[in-house]
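Read-outs throughout are calculated quantities, based only on the coordinates presented, and are distinct from any laboratory measurement. The structure displayed is predicted, hence computed values, not measured ones. In this analysis, Cβ positions are derived from the backbone assuming ideal geometry, glycine residues included, and neighbour counts consider all displayed protein chains.
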Amino acid sequence: MSSFSTASASESISCSYYNPSSKTRLVRIANASQWYFEGMVYPHQKLRFLAPPNACLEVYVGEEAKGNPLECIACNSL
């Protein structure tokens with residue numbers, strides 16, 4: 001898993017995403033200015049991360065971000 005951010009921790013919120021499926025999910029935040037995060041969430045595992053309050057978590061099935069995301073979740077609701 002890798003992540004990159006240029007925003008400070010004081011400008012971010014704590015989030016978590018649980019993968020309820022039996023397949024690996026790729027999650028990514030790419031819609032926030034000066035912020036990028038990407039990680040793998042294995043079946044029945046939880047990922048905790050920091051994100052800007054206005055960011056959206058894109059969820060993809062599999063190990064590559066191909067096509068449209070399965071879902072896009074507002075980080076302020078995670």
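Our estimate of slack between ASN68 and LYS23, defined as 0.36 nm per intervening residue step minus the Cα-Cα distance, is 14.5 nm.
Counting charges near ILE73 (Lys, Arg +1; Asp, Glu -1) among other residues having Cβ under 12 Å from its Cβ returns a value of 0.
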